[in-house]
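Participant: Sharing a structure with you now.
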Amino acid sequence: MRLPPRICQTTDLIILGAGITGLAAGYFLRDKLSCVILDANNEAGGVIKTSKIGDFVLEQGPDCFMNTKPHVLDLSLKLGLKAKLIESKDYQRQVWLLKNGDLVPSDYENKSVPYFLGNRKTLSRTRERACNGSCISFRDGMQTLPHTLAGKLKNQLQLNTRITHLDPAKLEVTCNNGQVFKAKAILSTLPAYETSHLLNCHPGLDPGSSNSQPWSKFKTTTTTSLYLAYKRSAISHPLNGFGIIIPPTENKSLTAVTFVSSKFDHRCPANHVLFRVFTKQDLLVTLAKARVYADFEAIF
């Protein structure tokens with residue numbers, strides 16, 4: 001098999017991963033040093049992905065960011081995205097709890113947002129004028145932010161570029177297309193298990209067994225989400241909340257439900273409601289998906 005040609009490039013900084021962390025790092029460092037951002041995917045954003053089906057806006061990753069943690073809001077304003085921001089409908093921000101099969105207001109009904117998110121009074125006046133909702137998103141979805149950042153970094157960003165070898169001693173990265181990057185520093189913003197794999201593949205880092213290294217012991221769990229849409233008339237519950245928490249004691253396949261259309265405007269057509277259901281079930285299994293549907297409809 002013919003190997004791709006070895007092409008070596010030098011730069012000040014190599015950023016591994018074009019998720020929000022890698023993109024933000026590249027954006028704030030762009031005028032201070034040379035850098036290249038490498039990602040195996042065909043678009044930037046990492047876990048922040050938005051799909052649109054007609055008037056339905058479906059987030060595959062996070063659906064918002066918190067106003068009490070102002071750095072993302074500051075970045076959005078710096079990027080000129082103020083007109084695209086939307087605020088959560090905090091007048092119905094309570095969280096429901098499934099208890100013995102019934103929906104009851106959670107114990108934190110009257111203090112849920114300050115309790116879970118902190119005190120919004122710490123925000124500056126500038127930020128309060130920009131957005132007052134406890135949760136903030138974008139009209140066209142959260143992917144607006146990484147896509148805007150990627151547009152600012154198009155000369156530094158290399159997509160469809162998978163890292164096949166990382167040599168931290170030489171500060172060198174080899175990619176699947178034959179490119180080799182050498183830098184003064186490497187910043188990995190990849191998920192922990194991906195960084196772990198790259199480090200464990202380098203024998204010079206491991207004087208003994210790789211199992212003895214802390215980076216070989218990362219464990220992850222998987223949560224699946226499923227969107228369900230109904231005509232508003234089909235759901236009798238007032239949906240006056242942001243969602244439902246479902247304790248394990250309820251013996252349901254669901255762990256939580258977000259009332260997407262109650263939390264934000266511009267998420268589904270008029271006269272419809274949209275839910276995001278979270279489950280640990282493998283939804284590729286037909287019986288598991290059927291149970292999720294049955295458990296959801298039993299609640300409403």
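Participant: What accessible area, in Å² to the nearest ten, does a 1.4 Å probe give for Arg139?
Facilitator: In the full protein context, Arg139 sits at about 120 Å².
Participant: What does the extension gain come out to for Ala256 and Gln60, with contour length at 0.36 nm per residue minus their alpha carbon separation?
Facilitator: Values: separation 196, 0.36 × 196 = 70.56 nm, distance 1.53 nm.
Net length gain for the segment: 69.0 nm.
Participant: For Val47, enumerate residues with amide H under 5 Å from its amide H, sequence gap 5+ or separate chain, H modeled in the peptide plane.
Facilitator: Ile20
Participant: What order, most packed first, do the peptides 150-159, 77-86 have when packing is the mean number of other Cβ atoms within 10 Å of each residue?
Facilitator: Values: 150-159: 15.6, 77-86: 13.7.
Going by the mean number of other Cβ atoms within 10 Å, highest first, we get 150-159, 77-86.
Participant: Between Thr174 and Val104, with labels modelled 7 Å along Cα→Cβ, what's the label distance in nm to one decimal, could you check?
Facilitator: That separation, rounded to one decimal, is 6.2 nm.
Participant: Between beta-carbons, use under 12 Å as the cut-off and find the net charge around Gly61, counting Lys and Arg +1, Asp and Glu -1. It would help to have the intermediate numbers written out before the result.
Facilitator: Numbers: positive: Lys49, Arg276; negative: Glu59, Asp63.
Net charge in that neighbourhood comes out at 0.
Participant: Over all directions, the average projected area of the alpha-carbon convex hull for region 247-300 comes to how many nm²? If you can, show how the numbers build up before the last one.
Facilitator: Working: hull surface 17.8 nm².
Here the figure is 4.4 nm², rounded to one decimal.
Participant: What accessible area per residue, rounded to a whole number of Å², is obtained for region 1-77 using a probe radius of 1.4 Å?
Facilitator: Working: 4080 Å² over 77 residues.
That works out to 53 Å² per residue.
Participant: For region 294-300, in order, what is each residue's ³J(HN,Hα) by Karplus, 6.51 cos²θ - 1.76 cosθ + 1.60 with θ = phi - 60°, in whole Hz (x at glycine and Pro)?
Facilitator: Residue by residue, region 294-300 yields 5, 5, 5, 5, 5, 5, 9 Hz.
Participant: For the residue pair Ala294 and Tyr193, what label-to-label distance in nm results when each label sits 7 Å from Cα along the Cα-to-beta-carbon direction?
Facilitator: 2.9 nm
Participant: For region 1-80, with all protein chains present and a 1.4 Å probe, just round the carbon and sulfur fraction of the accessible area to a whole percent. All intermediate terms of the calculation are to be shown ahead of the outcome.
Facilitator: Numbers: 2420 of 4290 Å².
About 56 percent, which is the carbon plus sulfur part of the accessible surface.
The values are calculated or read from the model by the stated rules, or taken from the named source; none is laboratory data. What you see is a predicted model; the values in this text were computed from it and never measured. Glycine also receives a Cβ, built like all others from the backbone with ideal geometry; neighbour counts cover every protein chain displayed. These accessible areas exclude ligands, DNA and RNA; they are computed on the full protein's heavy atoms, side chains included. Shrake-Rupley method; radii C 1.70, N 1.55, O 1.52, S 1.80 Å.
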